[in-house]
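What follows is a short report on a single structure.
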Amino acid sequence: MRKTIISGLVAAGFALIPLTASATDDSQYPAYDFQPKVVYIDKEAVKKSAPAPVKPAKKEVKFDPKYPAAYFEPKVIYP
């Protein structure tokens with residue numbers, strides 16, 4: 001009889017463990033209340049503040065037959 005009561009209490013204790021182990025503090029999860037924001041760019045302000053774009057100078061490279069893909073430049077072709 002005593003073993004039955006003890007095993008019942010142990011089973012009840014194991015049943016209550018998940019309730020006590022659950023996280024009740026939301027600050028433990030920083031992305032819990034994440035609200036994304038949309039940021040729009042003012043094109044006029046960008047034009048006024050940004051300097052003119054500088055084009056990089058082209059480099060002259062020699063083709064090396066040992067490394068044919070070393071100087072590969074992908075090109076995008078739109079249909």
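The values are calculated or read from the model by the stated rules, or taken from the named source; none is laboratory data. What you are looking at is a predicted structure, and each value in this text was computed from that prediction instead of being measured. Neighbour counts are summed over all protein chains in view; Cβ atoms, including those assigned to glycine, are modelled from backbone coordinates with ideal geometry.
Looking at ILE6, ILE41, which one is surrounded by 10 or more Cβ atoms within 10 Å (Cβ to Cβ) and at pLDDT 80 or above? Going through ILE6, ILE41 in turn, just one is surrounded by 10 or more Cβ atoms within 10 Å (Cβ to Cβ) and at pLDDT 80 or above: ILE6. Within the set TYR32, TYR71, the sole residue that is at pLDDT below 80, in contact with a helix residue (DSSP H, G or I) (Cβ under 8 Å, 6 or more places away or on another chain) and not in a helix (DSSP H, G or I) turns out to be TYR32.
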